[in-house]
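For reference, the structure is listed below as structure tokens.
The values are calculated or read from the model by the stated rules, or taken from the named source; none is laboratory data. Computed from a predicted model, the values in this text were never measured in an experiment. Don't worry about glycine lacking a Cβ; one is built from the backbone with ideal geometry, like all the others, and counts go over all protein chains shown.
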């Protein structure tokens with residue numbers, strides 16, 4: 001079932017992306033000749049109206065084929081106004097951007113229902129206290145609940161750690177609930193060098209405690225869930241952009257790049273952890289798919305948007321030869337990245353390196 005979940009996730013997100021292009025093309029009056037999940041030879045398909053709907057042999061993407069999209073398309077004079085290339089730049093831009101936009105909106109919808117349904121969150125209750133640490137030298141004990149720091153109320157473990165991390169070498173006043181008692185402790189977090197999400201060192205404050213594992217369910221109302229869903233989608237999109245930039249700067253090692261095998265492994269892992277984890281993972285992958293498709297590489301949506309931007313500035317499209325050369329370069333780059341990602345995936349399998 002976990003393998004099936006991974007396959008369905010991959011197919012669903014590709015379908016959503018291509019659906020975005022398809023819907024905006026139809027709304028713009030452009031004729032869509034093909035809607036395919038996957039590339040290569042046709043496996044199964046059916047023509048409904050003017051559009052042929054396909055499942056193709058190579059399940060690593062998909063495409064929407066619009067009339068007039070290719071330079072060698074033969075177009076009847078009566079159909080010319082429905083050609084993609086005959087549309088104004090704004091319409092063509094909306095059609096191209098719709099794919100990534102639908103993926104972003106899918107993430108918002110998933111997060112909306114996650115926040116509405118509720119998710120378990122750690123309480124600020126102390127579990128293990130590490131020896132020879134600021135916490136061990138204070139009155140803190142296992143089972144204590146930290147209700148406030150510097151008189152700022154706390155409800156979640158993450159709220160507590162955020163204050164501690166941001167305060168290396170600074171005295172903090174902890175308000176502690178121990179049964180019916182209320183205690184106060186002044187603790188100074190020790191400055192420590194740790195690596196962040198992208199492998200860069202930063203100084204944070206640590207007091208030497210671990211959570212007890214006690215949780216409560218956080219649920220949002222309709223407006224709160226909508227706001228949180230948009231914020232979370234924006235946060236993940238921003239982290240994805242920063243991560244790509246740091247890959248280019250070689251701050252994040254190249255062996256962290258993963259391909260379809262890694263995605264399937266992660267999907268299986270999240271599906272095994274439960275529905276909430278799986279749907280949250282689906283939202284994250286949907287955001288990643290949107291951002292990666294917006295990279296300004298020919299053959300990706302971002303490359304098409306770049307061509308349209310150049311056309312808007314020049315007042316005329318690039319020559320067919322320039323576009324053809326750029327697309328060959330783009331295809332070569334994409335194939336290289338896919339091969340490198342597959343190499344990393346296979347090496348990870350052979351070496352037994354754990355899935356992130």
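Would you be able to tell me the number of residues in the stretch 157-185 that are touching a residue at least 40 places away in the same chain (Cβ under 8 Å) and either assigned to a strand (DSSP E or B) or farther than 20 Å from residue 147 by Cα (or both)?
The initial filter retains those residues of the stretch 157-185 that are touching a residue at least 40 places away in the same chain (Cβ under 8 Å), namely 157, 164-165, 183, 185.
When the remaining residues are screened for being either assigned to a strand (DSSP E or B) or farther than 20 Å from residue 147 by Cα (or both), the result is 183, 185.
Final tally of qualifying residues: 2.
Hey, residue 81 hits all of (1) surrounded by 19 or more Cβ atoms within 10 Å (Cβ to Cβ); (2) not assigned by TED's automatic domain parsing to the domain that holds residue 109 but one; which does it fall short on?
(1)
What residue, among those in the stretch 187-203 that are without any contact (Cβ under 8 Å) to a residue 40 or more places away in the chain and outside any loop (DSSP other than H, G, I, E, B), is farthest from the chain's Cα centre (by Cα)? Don't jump to the end; show me each part of the working.
First, the residues of the stretch 187-203 that are without any contact (Cβ under 8 Å) to a residue 40 or more places away in the chain: 191-196, 201-203.
Retained after the next criterion (residues that are outside any loop (DSSP other than H, G, I, E, B)): 191-195, 201-203.
Values: 191: 32, 192: 30, 193: 28, 194: 24, 195: 21, 201: 23, 202: 24, 203: 27 Å.
Only one residue tops the list, namely 191.
Does residue 166 count as under 27 Å from the mean Cα position of the chain (by Cα), at pLDDT 90 or above and buried (at least 17 other Cβ atoms within 10 Å of the Cβ)?
Values: under 27 Å from the mean Cα position of the chain (by Cα): yes; at pLDDT 90 or above: yes; buried (at least 17 other Cβ atoms within 10 Å of the Cβ): no.
Criteria not met by residue 166.
Which condition does residue 109 not pass, out of (1) under 12 Å from residue 28 (Cβ atoms); (2) within 27 Å of the chain's Cα centre (by Cα); (3) surrounded by fewer than 21 Cβ atoms within 10 Å (Cβ to Cβ), if it passes all the others?
(1)
Being at pLDDT below 95 and part of a helix (DSSP H, G or I) is the requirement here; does residue 237 meet it?
Against the criterion (at pLDDT below 95 and part of a helix (DSSP H, G or I)), residue 237 qualifies.
Please go through (1) in contact with a helix residue (DSSP H, G or I) (Cβ under 8 Å, 6 or more places away or on another chain); (2) within 30 Å of residue 287 (Cα to Cα); (3) not assigned by TED's automatic domain parsing to the domain that holds residue 290 for residue 146 and return the number of the only condition it doesn't satisfy.
Condition (2) is where residue 146 drops out.
Given the structure, is residue 213 in a loop (DSSP other than H, G, I, E, B), in contact (Cβ under 8 Å) with a residue 40 or more places away in the chain and in contact with a strand residue (DSSP E or B) (Cβ under 9 Å, 6 or more places away or on another chain)? Break it down into steps so the answer makes sense when it comes.
Working: in a loop (DSSP other than H, G, I, E, B): yes; in contact (Cβ under 8 Å) with a residue 40 or more places away in the chain: yes; in contact with a strand residue (DSSP E or B) (Cβ under 9 Å, 6 or more places away or on another chain): yes.
Answer is yes for this residue.
Kindly provide the set of residues from the stretch 138-149 that are without any contact (Cβ under 8 Å) to a residue 40 or more places away in the chain and within 11 Å of residue 187 (Cβ to Cβ), ordered by number. Can you show your working first?
So the first thing to find is which residues in the stretch 138-149 are without any contact (Cβ under 8 Å) to a residue 40 or more places away in the chain, and the list is 141, 144-149.
146, 149 - these are the residues of the stretch 138-149 that are without any contact (Cβ under 8 Å) to a residue 40 or more places away in the chain and within 11 Å of residue 187 (Cβ to Cβ).
Restricting attention to the stretch 102-113, which residues are out of contact with any helix residue (DSSP H, G or I) (no Cβ under 6 Å at 6 or more places or on another chain) and in contact (Cβ under 8 Å) with a residue 40 or more places away in the chain? Full working, then the answer.
So in the stretch 102-113, the residues out of contact with any helix residue (DSSP H, G or I) (no Cβ under 6 Å at 6 or more places or on another chain) come out as 105, 109, 113.
Across the stretch 102-113, the qualifying residues are 109, 113.
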